[in-house]
Amino acid sequence: MAKDVGGAEGYAARDYEDPPPTPFFDAEELTKWSLYRAVIAEFVATLLFLYVTVLTVIGYKISSDTKAGGDECGGVGILGISWAFGGMIFILVYCTAGISGGHINPAVTFGLFLARKVSLVRAVLYMVAQCLGAICGVGFVKAFQSSYYVRYGGGANSLADGYSTGTGLAAEIIGTFVLVYTVFSATDPKRNARDSHVPVLAPLPIGFAVFMVHLATIPITGTGINPARSFGAAVIYNESKPWDDHWIFWVGPFIGAAIAAFYHQFVLRASGSKSLGSFRSAANV
């Protein structure tokens with residue numbers, strides 16, 4: 001394992017280098033093709049994500065509907081649905097990480113924006129692309145399976161019967177915290193430097209985080225942790241229940257992402273204390 005190397009005057013030199021903070025607003029970014037290519041990648045990835053996962057949800061409900069000749073224990077079940085969401089995230093993050101960073105989720109984008117890893121311009125364009133991609137993905141599902149789509153709820157997120165609003169909000173906050181915390185940890189330059197002897201494939205832990213959170217929270221909220229996923233399904237399904245609960249699937253994920261960003265940057269990485277220490281050292285010179 002790589003270790004800190006002694007530097008001049010007794011200070012330890014780091015064996016990794018943190019990238020500089022991204023400018024808060026970078027107007028020049030709007031003139032670069034790389035930004036628009038990344039936005040297109042986010043749109044397409046979110047479209048594919050919603051198309052496959054919502055089809056999986058509807059397919060399970062068809063197979064388990066006893067009134068339509070299905071088997072109560074048929075279909076992929078909650079385990080299979082969780083695998084579909086986690087597996088698609090693994091695939092799509094792997095495919096798009098080198099182009100857009102593979103966010104595929106406004107909450108992830110928001111967390112990375114708070115940590116100064118993406119600019120405001122990029123964050124806003126990503127979120128718009130993700131929401132539009134989600135709408136198109138669910139739109140394709142409805143176009144191909146219209147009758148089943150309407151009959152089985154369109155894969156729209158809503159609070160399950162028997163759960164309070166506070167419980168649903170907490171589930172979304174904690175679930176998104178797990179996801180965004182995993183994103184920060186899997187892409188941490190310090191980890192990449194010190195664990196370089198171990199092959200680290202960042203999309204894998206991120207996909208597993210999505211899988212595990214779905215296992216825990218599908219019975220509560222259907223699992224949002226991705227505002228674009230919930231928004232796209234709500235727009236196409238367009239019924240009152242998903243819209244009544246919809247705020248949970250924006251507020252919860254954004255709070256969870258903000259907590260994860262703060263925890264990783266200022267507690268685990270102690271960025272704030274390091275900056276304060278550097279300031280004090282400079283003042284004493």
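Quick look at the values:
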| read-out | value |
| --- | --- |
| Segment 28-267 - Rg over Rh from alpha carbon coordinates, Kirkwood radius | 0.97 |
| Charge context of Tyr51, other residues only, Cβ under 14 angstrom, K/R +1, D/E -1 | +2 |
| Accessible area per residue, Å², segment 28-267 with all protein chains present, probe 1.4 Å | 43 |
| Solvent-accessible area, 1.4 Å probe, carbon plus sulfur percent, for segment 100-174 | 64 |
| Per residue, the convex hull volume that the Cα atoms of segment 130-187 enclose (Å³) | 114 |
| Compactness index (Cα Rg / 2.2 N^0.38 Å), segment 117-227 | 1.31 |
| Contour excess over end-to-end distance, with Cα ends at Ala27 and Ala160 and 0.36 nm allotted per residue | 43.5 nm |
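The values are calculated or read from the model by the stated rules, or taken from the named source; none is laboratory data. The shown structure was predicted, so the numbers you read here are calculated from the model rather than taken from an experiment. Backbone-built Cβ (ideal geometry, glycine too); neighbour counts: all protein chains shown. These area figures cover heavy atoms from the full protein model, side chains too; ligands, DNA and RNA do not enter into them. Shrake-Rupley method; radii C 1.70, N 1.55, O 1.52, S 1.80 Å.
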